[in-house]
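Right, one structure below, let's go through it.
The values are calculated or read from the model by the stated rules, or taken from the named source; none is laboratory data. Keep in mind that this is a model prediction, so the values were computed, not measured. Neighbour counts are summed over all protein chains in view; Cβ atoms, including those assigned to glycine, are modelled from backbone coordinates with ideal geometry. Quick note on the areas: whole protein, heavy atoms, side chains included, nothing else; ligands and nucleic acids left out. Shrake-Rupley method; radii C 1.70, N 1.55, O 1.52, S 1.80 Å.
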Amino acid sequence: DKGGFKHYMLKEIYEQPAVTLAAFEGRINDGLVDESVFGEQATAIFDQVKQIQIIACGTSYHAGMIAKYWMESLAGIPCHVEVASEYRYRSVVIQEGTLFVSISQSGETADTLAALRDVQDQILASLTICNVPGSSLVRESDLNLMTKAGPEIGVASTKAFTTQLVALLLTTIVLGRRFKLTEDKEREIVLALAELPSLIERSIAMDGAIESMSQSFAEKHHSLFLGRGTLYPVAMEGALKLKEISYIHAEAYPAGELKHGPLALVDKDMPVVAVAPQNDMLDKLKANLQEVSARGGELFIFAGSTQDVQPGEGIHVLGMPSMPQILEPIVYTIPLQLLSYHVAVLKGTDVDQPRNLAKSVTVE
Ligand code: F6R
């Protein structure tokens, strides 16, 4: 049942205020995260964790990349992240005290499951962040945190991703307590989370403006997505969405890498999307965007401040609501989902069932 929406994907995008709330409500006690929701052995296991190894594929991998920034900057825990299909086939060094975290919407992704099985006897313990109760990864992991997004029908993952990020933020908090995260900082993050549903709501309200913007992409063959810090994996996720449902080649770069090669590609036929929240990387990012403009590239910027990032010739700016920095990667994902959706609709592709793809990748 598409609930009156033209596609499941759009319905699932619009469900995000509700499901991101479901992903944290009931898991907070007196302003602090209740770690017993991870499972009976949670406290005993978390007390022994020395580092994190995250494994996932596709969109779930992008969630893992964002979690790495959080684990190291907020919690002070060493964290590695890798795609399952590479990790499982190379010989890896697993350090003592490693918590193996798998992230998977379906809980059935063959490579992710195989990676867990391969390292089972070398790790401290396993935790899976998953959307499907009773799935293989959930059954085979010591600890679980369900993302509670509800069934996701569209092949392109949307609400599964944003709820994974909420779950990963909760995970960062409960582990960070044992490292450098103070109780004050934890309370601050929990308060910020409470604002998430309404911030997503306000981003969804930009739908009409994003639909108009999508016309500039439908005829193009290539595009570039730029971000820095936690917004770099958001750019990767935006590029993946555009590729998989609109079949337009899209590539993401951390904006600081532009001048090391990809700038040579930029011309008026390659739209460049940038996610530019009002944070301490903004000045650096603006300098990178200037390089794009100077070469005639057309910019589409989702900006935290329309005072700091101004429209101009070939520079389109859509203002995002102001928000706590911790929420930026979650909220800035929304306009990129909507952009790829509208481009795909304009191109007339099969939005919910893109060619060559399956919802659950149970083959290698
Ligand atoms: C992209 C997408 C895929 C999945 C990937 C992993 O929109 O949905 O990239 O994220 O196949 O699937 P799960 O999360 O089920 O392990």
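Structural remarks
- In loop segments of the stretch 312-359 as defined by DSSP, the trypsin sites (Lys or Arg not before Pro) with at most 11 further C-beta atoms inside 10 Å of their C-beta are Arg355.
- Two tests apply to each whole DSSP H helix in the chain, Cα reach of 15 Å or more along its axis and mean Kyte-Doolittle hydropathy of at least -0.5, and the ones passing both are 58-70, 159-176, 183-194, 207-218, 231-246, 282-294, 333-347.
- Set of lysines with alpha-carbon distance to Lys268 below 21 Å, sequence-local pairs under 8 removed: Lys220, Lys243, Lys259, Lys286, Lys347
- The chain - percent relative contact order, Cα under 8 Å, separation 6 or more: 19
- Neighbour-limited loop hits for GluC sites (Glu not before Pro), the stretch 83-180 (at most 15 other Cβ within 10 Å; DSSP other than H, G, I, E, B): Glu96
- Convex hull (Cα only) mean projected area of the stretch 212-343, reported in nm² to one decimal: 6.9
- Counting only Cβ charges, +1 for Lys and Arg and -1 for Asp and Glu, the dipole size of the chain around its Cα centre is about 420 debye.
- Gaussian network model of the chain, springs between alpha carbon atoms under 10 Å - residue of Asn144, Asn279, Asn29 with greatest fluctuation: Asn29
- Stretch gain in nm, segment Phe179-Gln325, where the contour uses 0.36 nm per residue and the Cα spacing is subtracted: 50.5 nm
- Candidates per trypsin sites (Lys or Arg not before Pro) in the stretch 84-131, loop by DSSP, up to 13 other Cβ within 10 Å: Arg90
- Carbon plus sulfur fraction of accessible area for the chain, probe 1.4 Å, in percent: 49
- For Val317, nonlocal amide neighbours, meaning residues 5 or more places apart or on other chains whose placed amide H falls under 5 Å from its own, are Ile301.
- Normalised by the number of residues in the stretch 68-163, the average gap of Cα pairs under 8 Å and 6 or more apart makes the relative contact order 22 percent.
- Fully extended contour minus Cα-Cα distance, from Lys286 to Ala18, at 0.36 nm per residue: 93.1 nm
- Helix-only arithmetic for the chain: the sum of -39500 (n - 2.57) across DSSP H runs with n ≥ 4, divided by the residue total, places the mean residue ellipticity at 222 nm at -12500 deg cm²/dmol.
- Coupling constants for the stretch 78-85 follow from the phi torsions by the Karplus curve (6.51 cos²θ - 1.76 cosθ + 1.60, θ = phi - 60°), and in residue order they are x, 9, 10, 9, 8, 6, 4, 5 Hz; glycine and proline get x.
- Gain on full extension, evaluated as 0.36 nm per residue between Glu86 and Asp267 minus their Cα-Cα distance, stands at 61.8 nm.
- Under 5 Å, built H, 5+ apart or other chain: amide partners of Glu251: Ser223, Leu224, Phe225
- Partner lysines for Lys50 [C-alpha distance under 29 Å; skip if fewer than 8 residues away on the same chain]: Lys68, Lys148, Lys180, Lys185
- Backbone HN-Hα couplings from phi across the stretch 36-45 [Karplus 6.51/-1.76/1.60, Hz, Gly and Pro as x]: 5, 5, 7, x, 4, 8, 3, 4, 4, 6
- The stretch 189-271, relative contact order in percent, only Cα pairs under 8 angstrom and at least six apart counted: 30
- Residue among Ala42, Ala252, Ala56 with the largest mean-square fluctuation in a Gaussian network model of the chain, springs linking Cα atoms under 10 Å: Ala42
- In sequence order, the stretch 305-317 has phi-based couplings of 9, 7, 7, 7, 10, 9, x, x, 4, x, 10, 9, 10 Hz under the Karplus curve 6.51 cos²θ - 1.76 cosθ + 1.60, θ = phi - 60°, and Gly or Pro positions carry x.
- Under 5 Å between amide hydrogens, built in the peptide plane, is the criterion, and for Val101 it picks out Gln53, Ile54, Ile55, Leu127 among residues at least 5 positions away or on other chains.
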